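Notes to accompany the following structure.
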Amino acid sequence: MTFLITAGPTREPIDPVRYISNRSSGKMGYAIAEAALDVGHDVVLVSGPVNLAPPTKTKFISVSTTDEMFEAVHRYADELDVCVLCAAVADYKPTKISPTKIKKRAAGTSLELIPTCDILQSLGRQQNRKFLLVGFAAETDHLEANATKKLREKNCDIIVANDACVAMETDENELLILFCDGETKRISRASKTFLARELVKIFANSQQKRLTKKL
Ligand code: CTP
């Protein structure tokens, strides 16, 4: 199967020296890419800026902004069997990017922000998509309720929910997996490498089931 995986944060520039971003390390997405390659899948890895070396056999696309990630994902959408959007995408970007460094002022200042495009939602809206669509939900509270809302609103097949405070910048995670048919599965705290192997098996089986149902 061909997997596309997004990983890491996106960055939204404010001026030539500043940006808005988040603490995502990219480790979960890179671990999923490694695990998929290990069992013989083809992998396109679309990555925001992280301190990790990409797996050697992957088709690697380095991006910075949300718009760049959106464009890269849509470029490959027709060729995919499984699309896993693991990236911690910036939700907002500055209304304008200053071409010169913004100078400090004695008074306070504020930044006007507009929403970025939602990559997962844009794929969920595609009629008759052939690939399994997997989103991640990073939450700090009401994990199951918030993740269930994302599953429904973004129209994906699977949401992998995790506590952002447990997951960010660490090598371990614990997961709650929600399927669109109402099934749920929990995987207790383990290394991201172990979790990634389990997730790849679940994603490949789910896509196989989708295809069998459609025949
Ligand atoms: N996502 C995306 N494009 C965005 C924002 C999020 O594709 N502009 C994807 C993420 O990659 C993830 C899922 O949507 O697979 C949920 O991301 P998350 O940050 O948990 O949720 P948001 O939709 O941003 O909502 P909130 O920040 O309010 O929790």
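The values are calculated or read from the model by the stated rules, or taken from the named source; none is laboratory data. Computed from a predicted model, the values in this text were never measured in an experiment. Note: ideal-geometry Cβ built from the backbone for every residue, glycine included; neighbour counts use all protein chains shown.
Among the residues of the stretch 82-130, which ones are away from the ligand (no atom under 12 Å from the Cβ), assigned to a loop (DSSP other than H, G, I, E, B) and in contact (Cβ under 8 Å) with a residue 40 or more places away in the chain?
Ile97, Ser98, Pro99, Thr100, Lys101, Ile102, Leu111, Gln126, Arg129, Lys130
Quick one: which residue in Thr140, Thr116 is at pLDDT below 95 and hydroxyl-bearing (Ser, Thr, Tyr)?
On the way: Thr116 fails: at pLDDT below 95.
The match here is Thr140.
Among (1) at pLDDT 95 or above; (2) within 17 Å of the chain's Cα centre (by Cα); (3) on the phi < 0 side of the Ramachandran plot, where does Ser206 come up short?
(2)
Is it the case that Val73 is assigned to a strand (DSSP E or B), at pLDDT 95 or above, aliphatic (A, V, I, L, M) and on the phi < 0 side of the Ramachandran plot? Before you say what the answer is, go through the steps one by one.
Working: assigned to a strand (DSSP E or B): no; at pLDDT 95 or above: yes; aliphatic (A, V, I, L, M): yes; on the phi < 0 side of the Ramachandran plot: yes.
No; evaluated as a whole, the condition is false for this residue.
Given (1) surrounded by fewer than 17 Cβ atoms within 10 Å (Cβ to Cβ); (2) outside any helix (DSSP H, G or I); (3) at pLDDT 95 or above; (4) of a type in the set (D, E, K, R), identify the lone condition not met by Glu198.
Among (1) surrounded by fewer than 17 Cβ atoms within 10 Å (Cβ to Cβ); (2) outside any helix (DSSP H, G or I); (3) at pLDDT 95 or above; (4) of a type in the set (D, E, K, R), Glu198 violates only (2).
Got at least one residue in the stretch 160-169 being without any contact (Cβ under 8 Å) to a residue 60 or more places away in the chain, assigned to a loop (DSSP other than H, G, I, E, B) and either within 11 Å of the ligand (Cβ to nearest atom) or out of contact with any strand residue (DSSP E or B) (no Cβ under 8 Å at 6 or more places or on another chain) (or both)?
No, the stretch 160-169 contains no residue that is without any contact (Cβ under 8 Å) to a residue 60 or more places away in the chain, assigned to a loop (DSSP other than H, G, I, E, B) and either within 11 Å of the ligand (Cβ to nearest atom) or out of contact with any strand residue (DSSP E or B) (no Cβ under 8 Å at 6 or more places or on another chain) (or both).
Given the condition within 21 Å of Leu211 (Cβ to Cβ) and either of a type in the set (Ser, Thr, Tyr) or surrounded by fewer than 22 Cβ atoms within 10 Å (Cβ to Cβ) (or both), answer yes or no: does some residue in the stretch 96-116 qualify?
Kept after step one, since they are within 21 Å of Leu211 (Cβ to Cβ), are these residues of the stretch 96-116: none.
Checked against the condition, which is being within 21 Å of Leu211 (Cβ to Cβ) and either of a type in the set (Ser, Thr, Tyr) or surrounded by fewer than 22 Cβ atoms within 10 Å (Cβ to Cβ) (or both), the stretch 96-116 yields no hits at all.
Quick one: Asp38 ticks every box in (1) within 27 Å of Glu112 (Cα to Cα); (2) surrounded by fewer than 21 Cβ atoms within 10 Å (Cβ to Cβ); (3) at pLDDT 95 or above bar one, so which box is it?
Among (1) within 27 Å of Glu112 (Cα to Cα); (2) surrounded by fewer than 21 Cβ atoms within 10 Å (Cβ to Cβ); (3) at pLDDT 95 or above, Asp38 violates only (1).
What are the residues in the stretch 180-213 that are in contact (Cβ under 8 Å) with a residue 40 or more places away in the chain and among the aliphatic types (A, V, I, L, M), if any?
Of everything in the stretch 180-213, those that are in contact (Cβ under 8 Å) with a residue 40 or more places away in the chain and among the aliphatic types (A, V, I, L, M) turn out to be Leu195, Ala196, Leu199, Val200, Ile202, Ala204.
Which of the residues belonging to the stretch 59-68 are more than 8 Å from the ligand (Cβ to nearest atom) and either modelled with pLDDT under 95 or outside any loop (DSSP other than H, G, I, E, B) (or both)?
Keep residues of the stretch 59-68 that are more than 8 Å from the ligand (Cβ to nearest atom), which gives 59-65, 67-68.
Result: Lys59, Phe60, Ile61, Ser62, Asp67, Glu68.
So which residues in the stretch 131-159 are touching a Cys at 6+ places or on another chain (Cβ under 6 Å) and either free of Cβ contacts under 8 Å to residues at least 12 places away in the same chain or in a helix (DSSP H, G or I) (or both)?
Answer for the stretch 131-159, where residues must be touching a Cys at 6+ places or on another chain (Cβ under 6 Å) and either free of Cβ contacts under 8 Å to residues at least 12 places away in the same chain or in a helix (DSSP H, G or I) (or both): there is none.
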